[in-house]
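Here is the structure we will look at.
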């Protein structure tokens, strides 16, 4: 869609209404940390959260890849959309009246925008039609089915808007087009009718079916689910994809469950419509359904917006299909699950029942179900039990397969304490109560596990940014430490220090120094006077990252003495870092010169020979300016 420029007043109102935490939460699992929220960055791979969202400033920032901005720039980057598209999406979301800079284009924009509103309207009118038909003679079978077989009350039928699609081929078509005056194109785009393959005309998409409206999280109907009342296939049929309906991104009953999820701080996910409807009818209102499709990160993020503890319980069917669905769901969200970003539990009901059947099994079933939810095992305990299910551990080949699968599972655990706990747990399962074997199996599992890999913090500016070998260049740590201390405690020298770093295009090489510098750059514009106190606040959110630099934030006598001549020390530290860069480049040129010699490429030989000479001259020039031991920062020599 060609989007004209929006009027500044419209843009201002959009920015005033938007909530960055709400918007980012649809893409990132966020946990509250002090005043801000923290999660895994969506713009680069990471296992330790470094992505921070500030509701007070309405900005986000990633300490790993330096991505940052406001809600609009986040939508642009996350959705790969343009600035006008992001603004338009936000205007729709927050129902901001739209004005354009060029008034003549306003009408066309409104026409395009009104299509979605018309689709909402035609779906709402259709839902009313189906509900009315359920209580007509033609809907008698459907009404009897929901009341007797599904045991649903009139209150529940009304709450979920259940209805009936008549058996005729053109019943809804004629009602919407001929009676209500909707265009054929609009009704077709809403997924309610289809063109005939032979001849002219259209026919109803749903016929002789129990109808279940599917709402978005704001309660607007976006599509329909249905169940056959006979032997027709498929038994369950959903609306086709439309501009409003994408089955893989919708959670059934979320609009009705979100307040209960927030209040109880947990969400229950079941497979089908009737599982969710049955739970709600029994007062278990924090339940949603996955509509029989894979439970992916998009759906998870929708749920996690409403639960502070990030607790989600999967209650899929206990048959092989349900077990496979659970395993697939865990795989689809495994980064968050293994990293502990989600407290995932798995509930399998007794006798393999689904939620709907279980609730009908006894008068106490609802109360038992609530207790089952509270006692549901963590996903990893469930996974381990699944490995042993229907397996004979005394058979050598099966034992070997189980151990192999356990090792694969344990290798995903990054937290050392959790890994140790589950190594012991798996060993106890394998030993089957024989304590003499448990310690042996612990050692066997440990020998099979790989050591946890430390993740590297990416930096797109230069590969040299990851160069952190203080052993090769002992002055790196001292020079960088000195610059950071001067910046933190000599406020008048901050502009000059930044100017020199930018002019020389120098980066902090050591990861803990680079992290602190990123924090400083983020805060300096708004909190120049309170920089130290703000950094102390951040240190509470990132204790691991600040472990090596936390002492920089407090002015001791030793630090005051070390930075007693800021101007001279800045110059010398900058020169020292320049020198290291030049030596790195010199080594690179020498290696390329050797390759060119071997390949007898005379042009490259001359080029890199000249680069080596010029680089050495620059190195000699800087060396003449640097005294031999001026980096004795804390009373030690190199």
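The values are calculated or read from the model by the stated rules, or taken from the named source; none is laboratory data. A quick note: this is a predicted structure, and the numbers were derived from the prediction, not measured. Don't worry about glycine lacking a Cβ; one is built from the backbone with ideal geometry, like all the others, and counts go over all protein chains shown.
Residue 269 versus (1) in a loop (DSSP other than H, G, I, E, B); (2) surrounded by 23 or more Cβ atoms within 10 Å (Cβ to Cβ): which is the lone unmet condition? Going through the list (1) in a loop (DSSP other than H, G, I, E, B); (2) surrounded by 23 or more Cβ atoms within 10 Å (Cβ to Cβ), residue 269 breaks only (1).
Looking only at residues in the range 51-78 that are under 22 Å from residue 545 (Cα atoms) and in contact (Cβ under 8 Å) with a residue 60 or more places away in the chain, the one that is surrounded by the most Cβ atoms within 10 Å (Cβ to Cβ) is 63.
Answer yes if at least one residue in the range 289-299 is more than 25 Å from the chain's Cα centre (by Cα) and within 22 Å of residue 225 (Cα to Cα), and no otherwise. Checked against the condition, which is being more than 25 Å from the chain's Cα centre (by Cα) and within 22 Å of residue 225 (Cα to Cα), the range 289-299 yields no hits at all. Considering 587, 572, the condition of being in a helix (DSSP H, G or I) and out of contact with any helix residue (DSSP H, G or I) (no Cβ under 9 Å at 6 or more places or on another chain) is satisfied by 587 alone. In a residue-by-residue description of the range 150-166, the property of being surrounded by fewer than 18 Cβ atoms within 10 Å (Cβ to Cβ), farther than 23 Å from residue 256 by Cα, without any contact (Cβ under 8 Å) to a residue 60 or more places away in the chain and not assigned by TED's automatic domain parsing to the domain that holds residue 258 applies to no position.
Summed over the range 1-54, residues that are assigned to a strand (DSSP E or B) and within 22 Å of residue 311 (Cα to Cα) total 10.
Go through (1) at positive phi; (2) without any contact (Cβ under 8 Å) to a residue 40 or more places away in the chain one by one and return the number of the condition residue 208 breaks. Going through (1) at positive phi; (2) without any contact (Cβ under 8 Å) to a residue 40 or more places away in the chain one by one, residue 208 breaks only (2).
Kindly check whether there is at least one residue in the range 313-325 that is under 30 Å from residue 22 (Cβ atoms) and assigned to a helix (DSSP H, G or I). There is at least one residue in the range 313-325 that is under 30 Å from residue 22 (Cβ atoms) and assigned to a helix (DSSP H, G or I).
Among the residues of the range 194-207, are any at pLDDT 95 or above, over 16 Å from residue 288 (Cβ atoms), out of contact with any helix residue (DSSP H, G or I) (no Cβ under 9 Å at 6 or more places or on another chain) and outside the structural domain of residue 307 (by TED's automatic domain parsing)? No, the range 194-207 contains no residue that is at pLDDT 95 or above, over 16 Å from residue 288 (Cβ atoms), out of contact with any helix residue (DSSP H, G or I) (no Cβ under 9 Å at 6 or more places or on another chain) and outside the structural domain of residue 307 (by TED's automatic domain parsing).
Residues that are crowded, with 16+ Cβ neighbours inside 10 Å, without any contact (Cβ under 8 Å) to a residue 60 or more places away in the chain and within 16 Å of the chain's Cα centre (by Cα) are absent from the range 25-36 altogether. Scanning the range 189-221 for residues that are surrounded by fewer than 18 Cβ atoms within 10 Å (Cβ to Cβ), under 36 Å from the mean Cα position of the chain (by Cα) and not in a loop (DSSP other than H, G, I, E, B) yields one hit, 189.
Conditions (1) closer than 19 Å to residue 66 by Cα; (2) in contact with a strand residue (DSSP E or B) (Cβ under 8 Å, 6 or more places away or on another chain), marked per residue:
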| site | (1), (2) |
| --- | --- |
| 503 | no, no |
| 522 | yes, yes |
| 534 | yes, no |
| 544 | yes, no |
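Residues that are surrounded by fewer than 21 Cβ atoms within 10 Å (Cβ to Cβ) and touching a residue at least 60 places away in the same chain (Cβ under 8 Å) were ranked within the range 311-335; the one that is farthest from residue 366 (Cα to Cα) is 335. Would a scan of the range 516-536 turn up a residue that is surrounded by fewer than 16 Cβ atoms within 10 Å (Cβ to Cβ), in a helix (DSSP H, G or I) and modelled with pLDDT of 85 or more? No, the range 516-536 contains no residue that is surrounded by fewer than 16 Cβ atoms within 10 Å (Cβ to Cβ), in a helix (DSSP H, G or I) and modelled with pLDDT of 85 or more. Starting from the range 1-21, take each residue that is within 20 Å of residue 74 (Cα to Cα) and list its partners that are at pLDDT 80 or above and exposed (fewer than 11 other Cβ atoms within 10 Å of the Cβ), counting only C-beta distances under 6 angstrom and pairs at least six apart or across chains. Matching pairs, first to second residue: none at all.
Checked against (1) over 19 Å from residue 618 (Cα atoms); (2) modelled with pLDDT of 75 or more; (3) in contact with a helix residue (DSSP H, G or I) (Cβ under 7 Å, 6 or more places away or on another chain), residue 561 meets all criteria but (3). There is no residue in the range 336-343 that is over 30 Å from residue 22 (Cβ atoms) and assigned by TED's automatic domain parsing to the domain that holds residue 254. Here residue 81 clears all of (1) more than 17 Å from the chain's Cα centre (by Cα); (2) part of a helix (DSSP H, G or I) except the condition numbered (2). Taken together, the criteria place residue 555 among residues that are over 32 Å from the mean Cα position of the chain (by Cα), assigned by TED's automatic domain parsing to the domain that holds residue 475 and on the phi < 0 side of the Ramachandran plot.
Scanning the range 174-188 for residues that are touching a helix residue (DSSP H, G or I) at 6+ places or on another chain (Cβ under 7 Å), in contact (Cβ under 8 Å) with a residue 12 or more places away in the chain and not in a loop (DSSP other than H, G, I, E, B) gives 175, 176, 184, 186, 187.
All of 352, 433 fail the test of being outside the structural domain of residue 285 (by TED's automatic domain parsing) and either more than 23 Å from residue 297 (Cβ to Cβ) or surrounded by 14 or more Cβ atoms within 10 Å (Cβ to Cβ) (or both), apart from 433. Here residue 445 fulfils each of the conditions (1) in contact with a helix residue (DSSP H, G or I) (Cβ under 9 Å, 6 or more places away or on another chain); (2) closer than 22 Å to residue 377 by Cα apart from (2). Number of residues in the range 413-430 that are touching a residue at least 60 places away in the same chain (Cβ under 8 Å) and loosely packed, with under 14 Cβ neighbours inside 10 Å: the value is 1.
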